[in-house]
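Here is the structure we will look at.
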Amino acid sequence: MKTLTKLLTALLATCFASTAHSDRSNLCREENGKFILDFSVKPSLVVHSDAILDKTFNDVGIAGGAPDETVFSLTHTLGQILQSSGAPNTAASRDAFLQTMLTSFPSVDGVALNSDAGILMPFEGRLERNLVAADLLNENGSAAGMRPLALFNRFDLAPANWSHCGEHRIVYGKKNPGFQDRFLLIFEAMVPNPKPELGEAGCRPVAEFWAKLSSPTAGDDTQKAKRLAAFYYEGKTDPTLAKADLLGPVVHYKNYGGDGSRGQVRGNLFMQQPWQLREWLTQPTFDPNGPALAFVVDTVKNNPLSELYKDDLTGDPVMSSNVGAAVTVLHGDFVQALATGIRDNLMSEESQNHQSLAKGVKDFDLGVGDTLEVSEAKVLLNTIGLGNDSRFNEHQSTSQEGFGGKIDAPTTHAGPGSKLRTMLDQLSKQPTPILNPQTGEIILNRAQASTCAGCHMTSPGKTVRQNPDTSAVQWPDVVTGGFVHVHEATRELSPALETSFLPFRRYLMGRHLCDVTQPTAPSAVAAATTAAPVGTEATTASVRFTDDIVRDALVESATGSAAAAPAPAPGVDDANLLAQATANLNDAQREALRQTLAREIGSMRRIEENSPGAFVEVRRSH
């Protein structure tokens with residue numbers, strides 16, 4: 001395998017590639033010394049209209065599904081993920097694939113290993129285990145049937161090295177669930193840069209695709225649905241293209257954690273209390289007797305084990321489940337990280353990116369009103385982030401504070417008078433040239449808001465900055481009724497999305513399309529060298545490597561030596577590769593291959609998580 005030096009070279013190569021664009025097309029123009037964006041939030045940052053999402057295969061006139069099946073159905077998405085791996089796309093295979101997610105929920109409370117930390121962390125039993133995959137996939141014939149709720153453009157999550165073009169998401173939920181019958185999934189696909197040698201310019205077609213959805217030339221709602229379907233399921237930025245101009249379909253098993261550095265599937269779980277959020281990756285099983293792909297449980301990003309905010313873990317269940325010394329070391333490391341790097345991430349006003357973005361707003365005429373304007377306070381709400389190392393993360397984020405004695409809020413564990421709160425008070429009280437004195441509670445509120453649980457329920461209304469004039473910046477609200485940002489029955493968006501997150505994301509994409517120079521991001525080298533062990537392999541700056549690992553395993557099984565396998569041609573996906581490995585390797589070899597892939601993918605993901613973004617230092621999931 002390649003050395004760490006070669007990996008870093010591949011990762012950082014695009015940092016220095018040309019970012020010059022040939023023109024601004026008709027998506028950004030200048031008038032009276034200001035940039036004006038000729039695209040709107042809807043549909044260029046989010047699609048949540050019934051008129052598009054309820055379109056069926058018959059309405060749009062494309063093949064691939066039942067006539068009355070919606071184009072963005074969960075059935076279509078799971079089928080495409082399976083096809084991308086070379087697995088059969090049948091009702092039975094889709095059911096089996098989804099069932100791997102449902103059986104990942106324990107039947108009783110237990111623990112799960114954070115392998116980065118070597119620590120067993122709480123992992124609670126869930127009633128979602130009793131869901132039936134076939135019912136969830138029965139969009140029209142079952143009360144449990146899932147339907148598409150929204151499509152999200154997260155171009156803003158691109159990294160500074162432009163190895164990928166952000167995430168492009170599909171949200172699913174039941175249409176009219178009862179209070180404790182709610183189950184939502186969000187498929188968050190990382191889209192590799194189709195021309196990584198061009199750096200930022202290589203991602204330009206992805207940004208232009210979304211921006212042009214606002215143009216009259218995009219056609220009516222049926223035509224927009226057709227364009228979006230071609231993007232997600234064929235990898236085309238124009239449905240009339242003879243072949244994909246991306247490296248493959250957006251909906252691809254590799255883009256949800258099966259290869260490379262980013263992408264995942266997350267769930268919002270409401271079938272019992274406390275309500276929680278969890279996370280999975282889609283990875284090959286190499287199992288000749290089971291599903292070809294599985295949803296593999298992963299830790300929830302930017303979600304530190306809440307007990308780490310305590311002063312003392314003596315007597316805590318996490319201590320009794322582990323070697324005490326290991327927990328003590330992890331606890332001490334977290335407190336030190338919170339006082340240094342994490343604190344800097346949370347107090348984002350002091351960062352170069354925040355200041356540049358806040359000052360740059362004056363160069364844009366974004367429109368009038370809360371759903372268009374971007375203020376410095378909105379920049380703050382989008383740049384706050386924990387950015388913590390993955391070894392601190394647990395496997396669940398609990399968004400119902402206090403139920404059954406479960407406490408996830410940092411402000412509760414580090415309450416007034418605690419040693420941690422006192423230390424954070426000392427860190428916060430000194431004014432800086434950028435920020436007036438704050439409090440330890442403000443830092444803890446920001447930490448809570450940066451988690452899935454905080455953003456979805458426990459942080460709305462919490463103060464995240466006290467201004468010198470005694471006014472305050474507060475965390476924005478979720479949909480009426482709580483816990484979600486897209487309402488299952490109406491597809492209504494939360495105030496947080498409408499007035500804070502989406503206007504900011506439009507501004508960021510506008511900076512890209514208007515060729516506004518981004519602030520120089522910190523080097524990713526330091527993070528990378530501490531996050532990846534020697535042996536992680538990358539074929540290009542888009543960080544695709546699992547095909548090579550599988551080929552190596554096949555060569556070794558045939559020849560008895562780990563001869564270097566040829567690298568796959570750019571954009572070529574050997575659909576039979578996983579099947580060959582499943583058929584030709586023995587049980588021990590398949591298990592070794594599974595472990596190798598999991599280790600290498602985990603290493604790459606740690607590098608990506610610890611690397612700065614193209615627009616903001618810490619790229620939150622929300």
When the charge dipole of the chain is computed with +1 at the Cβ of Lys and Arg and -1 at the Cβ of Asp and Glu, the Cα pointing farthest to the positive end, of G61, S44, V479, is that of S44
Rounded to one decimal in Å, the inverse mean reciprocal Cα-Cα distance for the chain, i.e. its Kirkwood radius, is 24.9
Quick calc, region 60-216, dipole around Cα centre from Cβ unit charges on Lys, Arg (+) and Asp, Glu (-), nearest 20 debye, gives 240
In region 267-373, the GluC sites (Glu not before Pro) that sit in a DSSP loop and have at most 16 other Cβ atoms within 10 Å of their own Cβ are E373
Whole-Å distance linking the alpha carbon centroid of region 467-484 with that of region 75-145 is 34
Farthest towards the positive end of the dipole of the chain, among A91, P304, N138 and with Cβ unit charges of +1 on Lys and Arg and -1 on Asp and Glu, lies the Cα of P304
To the nearest 20 debye, region 323-412 has a Cα-centred charge dipole, built from +1 on Lys and Arg Cβ and -1 on Asp and Glu Cβ, of 200
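Would you mind checking K55/K212; K42/K236; K55/K243 for any pair whose Cα atoms are more than 22 angstrom apart?
K55/K243
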Reduced to Cα centres, the span from region 417-448 to region 325-364 in Å works out to 12
Summing -39500 (n - 2.57) over every DSSP H run of at least 4 in the chain, dividing by its residue total and rounding to the nearest 500, the 222 nm mean residue ellipticity is -9000 deg cm²/dmol
Dimensionless Rg/Rh of region 306-514, both radii on Cα and Rh by Kirkwood, sits at 0.99
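In debye, nearest 20: dipole of the chain around its Cα centre with unit charges on the Cβ of K, R (+) and D, E (-)? Walk me through the numbers before you get to the answer.
Working: 55 positive and 70 negative charges, 77 e Å.
Rounded to the nearest 20 debye, it is 360 debye.
Filter the trypsin sites (Lys or Arg not before Pro) in region 214-266 to those in DSSP coil with at most 16 other Cβ atoms within 10 Å of their Cβ, and list the result.
Sites meeting the loop and neighbour criteria: K243.
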Over all Cα pairs of region 68-169, the Kirkwood radius sets Rh, and Rg/Rh then becomes 1.05
Once Q430 and T103 are pulled to full extension, the length gained, defined as 0.36 nm per residue separation minus their Cα-Cα distance, is 112.7 nm
When the charge dipole of region 201-318 is computed with +1 at the Cβ of Lys and Arg and -1 at the Cβ of Asp and Glu, the Cα pointing farthest to the positive end, of F286, A207, V251, is that of A207
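Laboratory data are not the source of any read-out in this text; all were calculated from the coordinates shown. In this text, all values refer to a predicted model and were calculated from it rather than measured experimentally. All Cβ positions, even for glycine, are placed from backbone atoms using ideal geometry, and neighbour counts span all protein chains on display.
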